[in-house]
Amino acid sequence: MRKTGITAFAFLFLAVSVYSQNIEKLARNISEKLSPVYRHLHANPELSLNEKETATFLQKRLKQLGYKLIGPFGGHGFVGVLENGSGPVILVRADMDALPVKEATGVSYASTVVVSEYNKQTPVMHACGHDIHMTSWLGTAEIMAKSRSHWQGTLIMLAQPAEEFGDGARNMLQDGLFKKIPKPDYALALHVSADLAAGTIGYTGGYSYANVDAMQIMVKGKGGQGAY
């Protein structure tokens, strides 16, 4: 896995290095506006298959940027499509759901959400980084929308529900997702990683963070990310 700078996301999509300085400036300007977006999403988590308000929040922002909204798929899943002439079709996916976890970070924007779920009062938290995923996804959508003079093709921004259960992707497909949107030539997903320093990204072709096994174990110690 190779590492590169913060502007690599923009380069990956635009693939035109001559515009790198303009894209970096645009990315930095947009990133300054994303902190309150992240805090809002973090403070207002919703469990799998219940992402109604989260989807509405994301849809409103995509619509303001000129994306055509299509959906719902698989519950609260949807896509935003930005057509910009002939060229490749790129799909960028982010997940929306949170986990039944009580937040104990002590930050000012910590989640205090508690819902009636699993036959009990259940605290909810974005403990797997989906709030960061959605924030990065929105930033990417804005960079691309404001850089249309530098690229051609079709961009599909896909918001997936119920990633934690594994049902979201399946449900979206069963709802005829790829019969109702342009067929992507490339599909990109992202996930935060504790292995990489802040300000860098890692990328790889093919599958990554994409395997599901079932097992039962008991771990004694401090809480952490189950994938590790």
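The values are calculated or read from the model by the stated rules, or taken from the named source; none is laboratory data. Quick caveat, the model's predicted, so the values are computed rather than measured. Every residue, glycine among them, receives a Cβ derived from its backbone with ideal geometry; neighbour counts consider all protein chains shown. Please note that ligands, DNA and RNA were not included when accessible areas were found on the heavy atoms of the full protein model with its side chains. Shrake-Rupley method; radii C 1.70, N 1.55, O 1.52, S 1.80 Å.
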Worksheet item: What percentage of all Cα-Cα pairs in segment 176-226 are separated by more than 11 Å?
Response: 82 percent
Worksheet item: What is the Cα coordinate range of the chain on the first, second and third principal axes, sorted by size from largest, in whole angstrom?
Response: 52, 39, 33
Item to complete: Measure out, as a whole number of angstrom, how far apart the alpha-carbon centroids of segment 66-88 and segment 155-228 sit.
Response: 19 Å
Worksheet item: In nanometres, what is the gap between the two model label sites at Gln225 and Gln21, each 7 Å from Cα along Cα-to-Cβ?
Response: 3.6 nm
Worksheet entry | Inter-probe distance in nm under a simple model that places probes 7 Å from Cα toward Cβ, at Asp195 and Ser208 | 0.8 nm
Item to complete: Would you mind telling me the share, in percent, of accessible area of segment 44-115 contributed by carbon and sulfur at probe 1.4 angstrom?
Response: 53 percent
Worksheet entry | Beta bridge orientation in the chain: antiparallel %, DSSP, nearest 5 | 60 percent
Discussion item. For the chain, what does the accessible surface come to per residue with a 1.4 Å probe? Please give it in Å².
Written reply: 60 Å²
Item to complete: State, to one decimal in nm, how far the label point of Asp185 lies from the label point of Ala110, with both points 7 Å from Cα in the Cβ direction.
Response: 4.8 nm
